[in-house]
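What follows is calculated from the coordinates using simple rules that are stated; it is not laboratory data. Because the structure is a prediction, the values reported are computed rather than measured. Neighbour counts are summed over all protein chains in view; Cβ atoms, including those assigned to glycine, are modelled from backbone coordinates with ideal geometry.
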Amino acid sequence: MPHSSINLIRDIPDFPSPGIIFKDITPVLADAAAFQSVVSDMAAPYAGIGLTHVAGIEARGFILATPIADRLGLGFVPIRKPGKLPAATRSVSYKLEYGVDELQIHEDAVGPGDRVLIVDDVIATGGTAAATIELIEQLGATVVGLSVYVELAFLNGATRLNGTPLTALVVYA
Ligand code: AMP
């Protein structure tokens, strides 16, 4: 059965570019009961399994990752666009449909022995998630899973995660 919040997800055609159907989750976030159930249900599979941190991907990933970290009693680590983090960073570049993008992490954010859950709002092609996994693994930490609210399964992002387990509340086949 699909997650009860699914009816609040709004399709915005041709945003941010022609041919993309953008899954707008702002109506879900604005609904107190829906937001609460999304946070609880995304966090639930990861309670009590010895995690140390939740890493959120800028920017919409932060909105979900921080309450999930709080719910699980874990620290939060931001994965950011270049030039935003103030201390020493590691970077990974990854390919977009047109051009290249880059993500950064503070190099002292996690390390060997840490067990990290990555959180984002949507997985599409999986490039962003794959780059985040690489950043965290470069620092010697273990990526235990990737929790997303929405999976666009027809784009096969899960196949780019090198076996990292993926959980999604809403899957578009
Ligand atoms: P990906 O192709 O998996 O690297 O997706 C890149 C990022 O863009 C993800 O972090 C998503 O938040 C966002 N994204 C990609 N496609 C969509 C979409 N159709 N609707 C909403 N967000 C999207």
Farthest towards the positive end of the dipole of region 1-152, among ALA34, ALA88, ALA131 and with Cβ unit charges of +1 on Lys and Arg and -1 on Asp and Glu, lies the Cα of ALA88
Distance between modelled label sites at ALA173 and ALA59, nm, 7 Å Cα→Cβ extension
3.5
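Over the chain, what number does the Rg to Rh ratio reach, with both radii from the alpha-carbon atoms and Rh per Kirkwood? Please report the intermediate quantities before stating the final value.
Values: Rg = 15.5 Å, Rh = 16.3 Å.
With Rh from the inverse mean 1/r over Cα pairs, Rg/Rh is 0.95.
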Per-pair calculated FRET efficiency, R0 = 45 Å: ILE21 and GLU137 via Cβ, rounded to 0.05
0.90
Cα-based shape type of region 39-111, given that a ≥ b ≥ c are square roots of the gyration tensor eigenvalues and the cut on a/c is 1.5
prolate
With labels modelled as points extended 7 Å from the Cα through the Cβ direction, what inter-label distance (nm, one decimal) is found for SER91 paired with LEU155?
2.4
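Going by how many other beta carbons lie within 10 Å of each one, how would you line up THR125, THR159, fewest first? Don't skip to the answer; put the middle values down first.
Details: THR125 17, THR159 11.
Listing THR125, THR159 from fewest to most nearby Cβ atoms yields THR159, THR125.
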Using only DSSP helix segments of four residues or longer, with each worth -39500 (n - 2.57), what per-residue ellipticity at 222 nm results for the chain after dividing by its residue count and rounding to 500?
-7000 deg cm²/dmol
Using the basic label-point model (7 angstrom from Cα toward the beta carbon), what is the ALA30 to LYS81 distance in nanometres?
2.3
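Going by how many other Cβ atoms sit within 10 Å of their own, how do TYR149, TYR46, TYR172 line up, fewest first?
The order, fewest Cβ neighbours first, is TYR172, TYR46, TYR149.
Would you please classify the overall shape of region 85-173 from the alpha carbon gyration tensor, given that a ≥ b ≥ c denote the square roots of the eigenvalues, rounded means a/c under 1.5, and beyond that prolate means a/b larger than b/c while oblate covers the rest?
Values: a/c = 2.25, a/b = 1.42, b/c = 1.59.
It comes out oblate by the Cα gyration axes.
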